[in-house]
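The structure appears below as C-alpha cells.
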Amino acid sequence: MPNSDPPHEVARIARLAHLELDPEAAPRFASQLSAILDYVALLDELVADPPMGGPCEPRLPLRADEPIPSLSRERSLANAPDAAGGHFRVPRVLGE
Amino acid sequence: MSGIAGLDSGEILRLIREQQVSALEVVRECLARVDTMDGRIHAVLRLNPRAEDEARSQDRDIHASRAGPLAGIPVAVKDNLLTDGLETTCASRILSGFVPTRDATAVARLKAAGAVVICKTNLDEFAMGSSTENSAFGPTRNPWDLERVPGGSSGGSAAAVAAGFAPMALGSDTGGSVRQPAAFCGVVGLKPTYGRVSRSGLVAFGSSLDQIGPITATVADAARALAAMAGPDLLDSTSSPAPVDDYIGSLDGGVKGMRIGLPREYFGEGIDSEIAGAVRHAAERLEGEGARVEEVSLPHTRYAIPTYYLIATAEASSNLARYDGVRFGMRLDPRGRLGEMYRATRGAGFGAEVKRRILLGTYALSAGYRDAFYGKAQRVRALLRRDFEIVFDSGVDVLLCPTTPTTAFRVGAKIDDPLAMYLSDICTATPSLAGVPAISVPIGLSSSHLPIAAQLIGGDFSEALLLRTAAVLERLFGRLIPPAPEGAAPGPGRRT
C-alpha cells in the first residue's frame, strides 16, 4: 500500500467499511493487499484516457411510472433480527 | 451412471412425454443420488423439502396437457439466488437463517416452465472466489478427483451437474464464476450477455458484471435453460429489451462458413501448454467442419485481471454495506450501540476473502484514491470492450480460447495466496468486463484425467451463435462423465 504503514492503513480502511478485524489478522491483510495493489499498478502502464465504460450505457429502459404492488410490511420485517411496532429495531443511535 | 441421473434434460423430457417415467420418479432419483453421493462432494447446502410436492404438481400438469417446456426437469440453484420460502445464505454466516419472501426472476421463470428446484448449492461466500473453498460451510470437492477443487464460485452447481444430481443448475458469473467451475468439472457453462437475464433476486456482488447463467450436462440443456430465463424484467432496469433468439431451434446450424478467431493473448504465458494445444486442436476440428479459423489480437487482455479486481471489489464494498445486522441475517450487539453492532456483526459474519475484497474496494473508492484506482479501471474497461468491438466489427463471428489457464487444482493449493487465486480468472474476466457472452464447453481430458474446456466468446446477444458452435464441439468431442465414485478407485473418465 502506498502508505508507509500498511497495517495502520488497513485499520483506517476497516473503520471506513464498518468492519471489525482481529488484531492478529490486520498484518496479514496488509501484506496481501499490498501485493494485490502492486499487481494492479500494472494499469499505470496505460496512459489512455478514454471515456469510462460500462456494459449497458446506451439505454436504461424505464418502466411506466405506475404504482405496482410491493412487499407488505409483514414480509419486509420477516427476516429482521429485531422488530417492534412494525419497524426494524436497532440499538441506541444517539450518544455513541 | 444408471437410470435418470446423468441424462440430459432432452432425454428426461422424452421419457416423461412417453410416460416411461413420472416427474416425481425423476426428482426422487435425483434426490436419492444426492443422498448417496454428496457426503463426499458437498455440492449441496440444503435440499428443497417441497421438491416432491412440486414434482407431483408437474405430473398433474403433464396429465392435463398444460405442462411447460421444462416440466419435471430437476434444477440445482446456487445459494445466492433467492428462493421463496427456502433459506438462502450465499454460503455466509452473516445470512444464515435468511428465508427469502420471493423467488429470483430467473428461478421463477424456470419454475414457470415446469422445472423443479431440488436443492441449493454451495459457493464461495457471496460468490467471491474461484475454488468454492471460501464457503462458510466447507469446501465442495470435484467429482473427477475429490482432492481437487470444483472451481468457483459456482462450484456447487458445477459439481452437482457433473455428479448427475441434476441435468441443469443455475450459477452466477461475475468474472468467470459459471464458466471456470463448468470447465473444471467437465460440464457446460454459459455466461449470457450482460442484461440478457434479469438479475432481480440475485444477491448483488459486482452489479455491472453479475449475470446469471446455466451450468448444464449438455449444450442443449443450456439452450433450454436460457430460453426459459432470457428477456426483459420490470424488476431489473438493466435487463435488456433486445429480442430473444430461438436458442433451441438454431442448435443444429453448424459452423460452415463461420469465421472463428483465436485471440493470441489467450494461448501464451500463464496458460498450460496441454490446454492451449487441446484448444488449437479443437480449432482444427472446427475448420474440418467448414469454419474459417484465423488468429486475432485482443491487445489489452493483460490488464483485465487488475481492472476486474478493482471494479468488482469497489462494487462489492458498496453492495455489501447492506449487511449491517438491521434488516436480515445475523446481528451481534455486544454493547447496545449501533456503530459497534455494525462492526461486530460484519466482523463476525464475513469470512476472510469477503473482508479482503471489502477492504480493497473501500480503498479503491476512498478519498484521494478513487481516480487512481476505480476511475482508472473504468477507463481501461472501455479499452477492453473496444478490443472485442474491433475484432467482431472485422467480421469474426466467434472467438475460441481456453476457459482456464490450468485444469482443476488441488484443494488448499491457492487458498493462502489471493493473487494466485485471482489469476485463475485470467481467461474469463475480460468478457465479463466487456459485457459480452461466453460459453465453456468440455473438449477432452488432460494427461491426468481432468477435464479441459474451450471457451467461445461472441458479440452482444450472440448466445444462439455460441450455443450452435458449442453444439458442434460437443458433437466432435463428446460429453464427459466422471469416473464412478462409489468406493471405486479413481480411474479415467469416459466420453459418451
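Only one of the listed residues (B:GLU294, B:GLU315, B:GLU289) is under 23 Å from B:LEU365 (Cα atoms), touching a residue at least 40 places away in the same chain (Cβ under 8 Å) and not β-branched (Val, Ile, Thr). That residue is B:GLU315. Just one of the listed residues (B:LEU433, B:LEU476, B:LEU456, B:LEU423) is modelled with pLDDT of 95 or more, within 20 Å of the chain's Cα centre (by Cα) and part of a helix (DSSP H, G or I), and it is B:LEU433. Among the residues of the range B:471-482, those that are more than 14 Å from B:GLU287 (Cα to Cα), surrounded by 16 or more Cβ atoms within 10 Å (Cβ to Cβ) and out of contact with any Phe, Trp or Tyr (no Cβ under 6 Å at 6 or more places or on another chain) comprise B:ALA471, B:GLU474, B:PHE477, B:ARG479, B:LEU480, B:ILE481. The residues of the range B:89-106 that are of a type in the set (Val, Ile, Thr), in a loop (DSSP other than H, G, I, E, B) and surrounded by 24 or more Cβ atoms within 10 Å (Cβ to Cβ) amount to a single one, B:THR89. Scanning the range B:431-474 for residues that are hydroxyl-bearing (Ser, Thr, Tyr), closer than 13 Å to B:GLY186 by Cα and in contact with a Gly (Cβ under 7 Å, 6 or more places away or on another chain) returns a single hit, B:SER440. Among the residues of the range B:333-374, those that are hydrophobic (A, V, I, L, M, F, W, C) and either touching a strand residue (DSSP E or B) at 6+ places or on another chain (Cβ under 8 Å) or farther than 21 Å from B:SER135 by Cβ (or both) comprise B:LEU338, B:MET341, B:ALA344, B:ALA364, B:LEU365, B:ALA367, B:ALA372, B:PHE373. Within the bounds of the range B:285-293, is there any residue that is crowded, with 17+ Cβ neighbours inside 10 Å and within 19 Å of B:PRO437 (Cβ to Cβ)? Checking the range B:285-293: at least one residue is crowded, with 17+ Cβ neighbours inside 10 Å and within 19 Å of B:PRO437 (Cβ to Cβ). For the range B:26-65, residues that are in a helix (DSSP H, G or I) and among the small types (Gly, Ala, Ser) total 5. Please verify whether B:MET341 is facing chain A (nearest Cβ under 9 Å), at pLDDT 95 or above, closer than 29 Å to B:ARG93 by Cα and surrounded by fewer than 22 Cβ atoms within 10 Å (Cβ to Cβ), treating the condition exactly as stated. No. I'd like to know if the range B:310-324 contains one or more residues that are in contact with a Lys or Arg (Cβ under 8 Å, 6 or more places away or on another chain), part of a helix (DSSP H, G or I), facing chain A (nearest Cβ under 7 Å) and closer than 20 Å to B:SER207 by Cα. Within the range B:310-324, one or more residues are in contact with a Lys or Arg (Cβ under 8 Å, 6 or more places away or on another chain), part of a helix (DSSP H, G or I), facing chain A (nearest Cβ under 7 Å) and closer than 20 Å to B:SER207 by Cα.
If the condition is being outside any helix (DSSP H, G or I) and of a type in the set (Ser, Thr, Tyr), then the range A:1-44 contributes only A:SER4. Checked against (1) assigned to a helix (DSSP H, G or I); (2) among the aliphatic types (A, V, I, L, M); (3) more than 7 Å from chain A (Cβ to nearest Cβ), B:LEU332 passes all but condition (1).
Residues in the range B:128-141 include none that are surrounded by fewer than 24 Cβ atoms within 10 Å (Cβ to Cβ), outside any helix (DSSP H, G or I) and touching a Phe, Trp or Tyr at 6+ places or on another chain (Cβ under 7 Å).
So how many residues does the range A:71-91 have that are basic (Lys, Arg) and closer than 19 Å to B:TYR342 by Cβ? So the count comes out to 1.
The residues of the range B:1-25 that are acidic (Asp, Glu) and either touching a Lys or Arg at 6+ places or on another chain (Cβ under 7 Å) or in a helix (DSSP H, G or I) (or both), listed by number, are B:GLU11, B:GLU25. Within the range A:65-86, residues that are surrounded by 11 or more Cβ atoms within 10 Å (Cβ to Cβ) reach partners that are outside any loop (DSSP other than H, G, I, E, B) with beta carbons closer than 6 Å, at six or more positions or on different chains, in the pairs A:LEU77/A:ALA83; A:ALA80/A:PHE88.
Tell me whether the range B:303-323 contains one or more residues that are closer than 19 Å to B:LEU399 by Cα, of a type outside the set (Val, Ile, Thr) and surrounded by 18 or more Cβ atoms within 10 Å (Cβ to Cβ). Scanning the range B:303-323, I find at least one residue that is closer than 19 Å to B:LEU399 by Cα, of a type outside the set (Val, Ile, Thr) and surrounded by 18 or more Cβ atoms within 10 Å (Cβ to Cβ), so the answer is yes. The set of residues from the range B:347-368 being over 27 Å from the mean Cα position of the chain (by Cα) and either within 27 Å of B:ILE415 (Cβ to Cβ) or within 9 Å of chain A (Cβ to nearest Cβ) (or both) comprises B:GLY347, B:ALA348, B:TYR363, B:LEU365, B:SER366.
Every residue, every condition in (1) at pLDDT below 95; (2) within 12 Å of B:GLY114 (Cβ to Cβ); (3) crowded, with 19+ Cβ neighbours inside 10 Å, yes or no:
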| position | (1), (2), (3) |
| --- | --- |
| B:LEU15 | no, no, no |
| B:CYS30 | no, no, yes |
| B:HIS42 | no, no, yes |
| B:ASP53 | no, no, no |
| B:ARG60 | no, yes, no |
| B:PRO69 | no, yes, no |
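Of B:GLU29, B:GLU87, B:GLU52, all but one fail to be away from every other protein chain (no Cβ under 14 Å) and touching a helix residue (DSSP H, G or I) at 6+ places or on another chain (Cβ under 9 Å); the exception is B:GLU52. Could you tell me whether B:ALA408 is modelled with pLDDT of 95 or more and either away from chain A (no Cβ under 12 Å) or in a loop (DSSP other than H, G, I, E, B) (or both)? Judged against the criteria, B:ALA408 is a match.
Take the range B:1-52 and flag every residue that is among the basic types (Lys, Arg) and out of contact with any strand residue (DSSP E or B) (no Cβ under 9 Å at 6 or more places or on another chain). Residues satisfying the conditions are B:ARG14, B:ARG17, B:ARG28, B:ARG33, B:ARG40.
The values are calculated or read from the model by the stated rules, or taken from the named source; none is laboratory data. This structure is a prediction, so every number in the text was calculated from the model and none was measured. Because the Cβ atoms are built from the backbone with ideal geometry, glycine has one as well, and the counts that use them run over all protein chains shown.
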